[in-house]
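Okay, so here's the structure we're looking at.
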């Protein structure tokens, strides 16, 4: 048993080998935070991905590099706006109805977010999955954790290793929905009015005008995408790093720049602005061996983020572009002034160019100082450590705003009967006004200290760690600081490198609970059996490695609760006062707020995991499988749902009574081989997770089908559509639809409870959960001489999406109609093939939550493709260059999906689209 | 060894601060004890009781964010839209959608954040607030006398909320203490079952008696207009006893409104036996209100200001200090805001909203009004036949003052004296064409302009108690002179000739008609038709409603008698259903038929 003697500090004993990362697959150790550990000894379940793999995706936000990399993780990106394009991350699906937020750590200390850390400074990202891996996080570990470990210098023969990387990418939307032009819009709007029993708005003459497109002022036909958007946007990143070390010091220093602009055209960045996100990352990690026993290290990392954007919110801006009717007004008047009307003042070109801009500036610094002392003078293998960390995040806004005058076109008939237009001025031009504010600040001050012991003798391997952690967290504008304390430990024992046992615990608490109820004890037991070390497999040629491991433990989740909810609060409620007197004077009133729970506590999770790790055929094939079962209880639920209304307690009454289960598995196989100059690998992963609400304390209903209990978390409910109304007699003979008077062509719903009325009580579970139950990925690569190619596919299935919003609701609030709707709409002539309801300007019947708009979808996306060439040889060495690499890569190159809607299957909205990126890059190592 | 010191220094530093590391810092949070040590906060809590009490009886505020604010009255209209009084236009109104169609039920009446009409659980929240106040006010630094008086206000409000529940639901859960729920295990303990109808009546009457001992006759400071006076407690008692004596609950033939075999349920929905003496109690209680007004209050009387009967009657609902009003509530919004939105006619008053509800007076109800000379109008119109517009104007113009004050019909001014006359058949932007009745409702909203202070909503006014008194006396079948006196007090004020006693049956009809006209749209008839057990008669809450529809014909505009709606009624609707949630939780016995 090879326990490395330089293993001095284990702040995280959770961090163990993962076979997929075996780029160095002939070694028996893996680089993980603060230690190298023999992967045979681990009894916990983790996934580790190297920073250099993550860097292959050129994106501005770290978690958009996670697609397909971690078995058990589902990543979904719904917004492509530079600087605000964070993906949603689900670790083994959903765990709780209340809160599924993940714990993020950088170099062992909690941070709010890891998304703006540069992939270049990352050594590894570790996904901690099971109780053995998460045990020391105790009260806040249950939702899973992602651990970023930054790069360190290492002892090197060279004086310094310099790496320069540059990359430039061009981005286009994966998809933009298509909307109708003015002629079709007007024609279809008339159809909608007729459907509603109203008279048409557009005359034949109008239609003729829209068709001929001769007069863009009387008969405008504007596609706002064309007016506002460029074809492409740009993303670029550059990093320069230095690393090295000698017998008593090691260092890694990095600086990086990332810039990503948006798709908006015509902007100048002075009195208006494209979307723009620029980030500078820097890092200096230094380790010093001060004496033979004492060492000190400093991890200093930080970043500057600057974002600019037009004044109109991005969601609104994109909605306006998509939904403003094409004939609403021309972009400008004949004399070049911005148009606009009283009801639609936000001409997108006006919003973009004439309202100034906003910006947001973030500075974030994390500094960690660690002291380590080898205590082998007490007993061999014992050491002590202590670390202090500060993390400061400051944000502020700087806006330059103005208003502008815009001109409403008014159509009249001249005396000769011709159209004539005059323009009414609305609004007023103002100068740019500078405002600053919306400051936000958060600070963390954390301390960790502990003792570690590691020793092997004869057949026995022994290690333990005892640690104390405390965390202080403050948020600008909040009355109270956040505090957390944690005593944790781990004891590990290995016998003959075959039988492994671990016991971990955390005794941890937070300030959010009542005195005496603040701390919980969270134990975890794990066992492992390295079968390949048994004599019968010891010299087996096929099976190189085989290990079975399992863990069971208790974890907590303290997120998702109101602050100090054990206190009964009283206070003023919004407009809860009373009016007295003849002048109707308002008198403020005090009310009892949410009903307190003195026993208020955290969610608890019983988490079981069993896993098998294996390697075959000279370690060419590796295979890992993990299966888990989680029982979550003490989830906060609102007892107001089951509270007798006549008790007078119908306001929020949160209690720890909810329960949920989650179970699933992950498979992962990698095959890697080499034949002469030709090397190749193929990795496949498949994950499944299914949650079930076990107890939810819902409002009692007559209809069993309306309960979420027993269904997965995130189950959608709605009506069951059973076709379109054919005609009036069909309506006459159907249950009464109560949402809006129905007409032929409207959706007809099933009367689930058979009470003759269609209303909310007829809702049932429709479709699958919104978070995919199954995610899969494939990573394929090959190399030949200096060339290499790599493809990363990622996708998911067992998921329902809901088609909603103005993309699917034509003419509601005068919105435009998409081509998709035009092609599918119900008309008296097109009853059989109709796949969308009749057009209407009024009815809300069709846009109720119903299975008509639910789609069960599967996606497979080529997330990343890269083709590269590495130069090397004598001539380079003469120039003192170790390596030059040039490469082309593409992000989101293509998508396969069974979604029959004119929208990206991941974005699913008319907001800022998901982007496709083509990049070229170069790497120089000196 | 010295290096170790660094490590242990940090460790001990950390552990040193352990002791109260997780203690909650001092903050500005309020607890119940800090409320009742302060006069101001104690008062503020009492205002909360007012705020959640059912004084409004009216959907005065339309807020999605705080549902405590629209729990009484119907969504988007007056409840009178459910009776023959009014029709309404507009997509917000819930009554045409659910009550006219008979599609309301235990699930949808009051699903949680939204109600068709009335939110019983929010009413109990008000009761809880009253109980908290009653149990804690003694800790406050007010004088004993002030405490007694304030406690009496809370007791009255608690009784009023119980009455509000009772008039819709029959016997209800009586909650006279703060129900404590500190853990989920306490949920069973707060499941309070229904009391019998008799017990509920006795509870409310007892509370009114208790409150009236300590309530003042008047608040000297006019800034407190709207606070509870003694007369309000007497008025509530009188109304409760009148309702309790009425046929729906005190059935002379012993029959229930739908067959009920379960004797326990029978007691929940009314008295199981008939007792004529209940009318005597009602008569005495109503007389007590009149006597209090005349002899004790020092200010309360039937309003007799203004020069002509139309203005006089109108003024009662506009003038905040009208001496006839015993209890009224100030409304949150100015007139252009939500308060009037649901009542204003079309676009005459620019309220900045696109979708007014346009309450309109039905033809069915118009027939309740006599001509100014005290005789009936001749209504011989036949459905579908066109009649000249001049006849419409003449016939409606001949009706008595209260009609002119309550209805804005075609050919009249909205603002009297302005000279601007509106003809509804004309096509213009005002959209008056769309009126769903003989004319728009103008009671409550005359003189209202965008931005002006909204009128107060009246809970009790003195005229009601003259009519209550007359009704109860007539049912006892005694004292015709006193009956005539009471009814004619109300009639003389609007200068319409007296009625004379004509035997019990005919007089009952007269009194009912007088009540319809005098208290029109004030949300009485909705309950009166029920307690008289006549709601199911054709043309009242059931069946066809008519309008006189105007046509812009040449040479002269014409009008036709036309059906405007056909309403569904089922006798189970005499009482509301309890919300399904409470029934499902197993502690509430549902009313019959639901």
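Confirm whether residue B:122 is more than 22 Å from residue B:224 (Cβ to Cβ), assigned to a helix (DSSP H, G or I) and touching a residue at least 60 places away in the same chain (Cβ under 8 Å). In short, yes. Condition first: within 14 Å of another protein chain (Cβ to nearest Cβ), touching a helix residue (DSSP H, G or I) at 6+ places or on another chain (Cβ under 9 Å) and part of a loop (DSSP other than H, G, I, E, B). Now tell me which residues in the range B:300-327 satisfy that. The answer is B:321, B:322, B:323. Restricted to the range A:107-212, the set of helices (runs of 4 or more DSSP H) holding at least 1 residues that are surrounded by fewer than 17 Cβ atoms within 10 Å (Cβ to Cβ) comprises A:182-195, A:204-212. Residue selection: residue A:641 fails the criterion of being out of contact with any helix residue (DSSP H, G or I) (no Cβ under 9 Å at 6 or more places or on another chain), farther than 30 Å from residue B:330 by Cβ and more than 7 Å from every other protein chain (Cβ to nearest Cβ).
For a quick check of your reading: which helices (runs of 4 or more DSSP H) sit entirely within the range B:143-246 and have at least 3 residues that are modelled with pLDDT under 95, within 14 Å of chain A (Cβ to nearest Cβ) and surrounded by 18 or more Cβ atoms within 10 Å (Cβ to Cβ)? Those helices (runs of 4 or more DSSP H) span B:144-169.
For the range B:487-497, a tally of residues being touching a residue at least 40 places away in the same chain (Cβ under 8 Å) and touching a helix residue (DSSP H, G or I) at 6+ places or on another chain (Cβ under 6 Å) returns 4. Within the range A:347-369, does at least one residue satisfy the condition of being within 14 Å of chain B (Cβ to nearest Cβ), crowded, with 17+ Cβ neighbours inside 10 Å and either outside any strand (DSSP E or B) or in contact (Cβ under 8 Å) with a residue 24 or more places away in the chain (or both)? Checked against the condition, which is being within 14 Å of chain B (Cβ to nearest Cβ), crowded, with 17+ Cβ neighbours inside 10 Å and either outside any strand (DSSP E or B) or in contact (Cβ under 8 Å) with a residue 24 or more places away in the chain (or both), the range A:347-369 yields at least one hit. Can you spot a residue in the range A:725-742 that is closer than 30 Å to residue A:658 by Cα and buried (at least 21 other Cβ atoms within 10 Å of the Cβ)? The answer is no; no qualifying residue exists. Is it the case that residue A:637 is under 30 Å from residue B:130 (Cα atoms), crowded, with 17+ Cβ neighbours inside 10 Å, under 28 Å from the mean Cα position of the chain (by Cα) and in contact (Cβ under 8 Å) with a residue 12 or more places away in the chain? It is true that residue A:637 is under 30 Å from residue B:130 (Cα atoms), crowded, with 17+ Cβ neighbours inside 10 Å, under 28 Å from the mean Cα position of the chain (by Cα) and in contact (Cβ under 8 Å) with a residue 12 or more places away in the chain. Inclusion of residue A:412 among residues that are loosely packed, with under 15 Cβ neighbours inside 10 Å and within 31 Å of the chain's Cα centre (by Cα) is not warranted. Look at (1) surrounded by fewer than 21 Cβ atoms within 10 Å (Cβ to Cβ); (2) away from chain A (no Cβ under 13 Å); (3) modelled with pLDDT under 85 and you find that residue B:114 fails only one, number (2).
What tally of residues in the range A:453-467 results from selecting those that are within 14 Å of chain B (Cβ to nearest Cβ) and crowded, with 21+ Cβ neighbours inside 10 Å? Can you show your working first?
The first filter runs over the range A:453-467 and keeps only residues within 14 Å of chain B (Cβ to nearest Cβ), leaving A:466-467.
Next, only the ones that are crowded, with 21+ Cβ neighbours inside 10 Å stay: A:467.
Adding up the residues that qualify gives 1.
From the list A:473, A:453, A:513, A:493, the one residue that fits, being modelled with pLDDT of 90 or more and out of contact with any strand residue (DSSP E or B) (no Cβ under 8 Å at 6 or more places or on another chain), is A:513. Considering only the range B:411-436, state which residues are surrounded by 13 or more Cβ atoms within 10 Å (Cβ to Cβ), touching a helix residue (DSSP H, G or I) at 6+ places or on another chain (Cβ under 7 Å) and touching a residue at least 24 places away in the same chain (Cβ under 8 Å). Listed by number, the residues that qualify are B:422, B:424, B:425. Residues in the range A:224-267 that are within 30 Å of residue A:155 (Cα to Cα) and under 27 Å from the mean Cα position of the chain (by Cα): A:237, A:238, A:239, A:254, A:255, A:256, A:257, A:258. Might you check whether a residue that is more than 14 Å from every other protein chain (Cβ to nearest Cβ) and either surrounded by fewer than 24 Cβ atoms within 10 Å (Cβ to Cβ) or in contact with a strand residue (DSSP E or B) (Cβ under 6 Å, 6 or more places away or on another chain) (or both) occurs anywhere in the range B:118-138? Yes - at least one qualifying residue is present in the range B:118-138. Looking across A:779, A:761, A:733, one residue alone is on the phi < 0 side of the Ramachandran plot and modelled with pLDDT of 95 or more. It is A:779.
Give me the strands (runs of 3 or more DSSP E) completely within the range A:542-624, filtered to those with at least 1 residues that are more than 14 Å from chain B (Cβ to nearest Cβ) and either surrounded by fewer than 22 Cβ atoms within 10 Å (Cβ to Cβ) or over 34 Å from the mean Cα position of the chain (by Cα) (or both), ordered by residue number. It would help to see each step written out before you state the result.
Values: elements: A:543-557, A:570-572, A:578-580, A:585-587, A:590-592, A:603-616.
In the range A:542-624, A:543-557, A:603-616 are the strands (runs of 3 or more DSSP E) which contain 1 or more residues that are more than 14 Å from chain B (Cβ to nearest Cβ) and either surrounded by fewer than 22 Cβ atoms within 10 Å (Cβ to Cβ) or over 34 Å from the mean Cα position of the chain (by Cα) (or both).
Do we have any residue at all in the range A:416-434 that's in a strand (DSSP E or B), within 40 Å of the chain's Cα centre (by Cα) and under 19 Å from residue A:360 (Cβ atoms)? Yes: the range A:416-434 contains one or more residues that are in a strand (DSSP E or B), within 40 Å of the chain's Cα centre (by Cα) and under 19 Å from residue A:360 (Cβ atoms).
For residues that are in contact (Cβ under 8 Å) with a residue 40 or more places away in the chain and surrounded by fewer than 18 Cβ atoms within 10 Å (Cβ to Cβ), scanning just the range A:270-288, find the one that is nearest to residue A:107 (Cα to Cα). Here the answer is A:286.
Of A:884, A:857, all but one fail to be over 30 Å from residue A:741 (Cβ atoms) and in contact with a helix residue (DSSP H, G or I) (Cβ under 7 Å, 6 or more places away or on another chain); the exception is A:884. Restricting the range A:435-452 to residues that are under 26 Å from residue A:482 (Cα atoms) and away from every other protein chain (no Cβ under 14 Å), the residue that is farthest from the chain's Cα centre (by Cα) is A:437. Answer yes or no as to whether residue B:34 is surrounded by fewer than 16 Cβ atoms within 10 Å (Cβ to Cβ), at pLDDT below 70, touching a helix residue (DSSP H, G or I) at 6+ places or on another chain (Cβ under 8 Å) and more than 7 Å from chain A (Cβ to nearest Cβ). In short, no.
Of the set (1) away from every other protein chain (no Cβ under 14 Å); (2) without any contact (Cβ under 8 Å) to a residue 12 or more places away in the chain; (3) in contact with a helix residue (DSSP H, G or I) (Cβ under 6 Å, 6 or more places away or on another chain), all apply to residue A:535 but (3).
For the range B:18-25, the condition holds for no residue, the condition being that it is buried (at least 16 other Cβ atoms within 10 Å of the Cβ), more than 10 Å from every other protein chain (Cβ to nearest Cβ) and at pLDDT 70 or above.
Selection of the range B:573-594 for residues being more than 8 Å from chain A (Cβ to nearest Cβ) and part of a loop (DSSP other than H, G, I, E, B) yields B:575, B:576, B:577, B:578, B:586, B:589, B:590, B:591, B:592, B:593, B:594.
The values are calculated or read from the model by the stated rules, or taken from the named source; none is laboratory data. Because the structure is predicted, anything quoted here is derived from the model rather than measured. Heads up, the Cβs are rebuilt from the backbone with ideal geometry, glycines too, and the neighbour counts pull from every protein chain shown.
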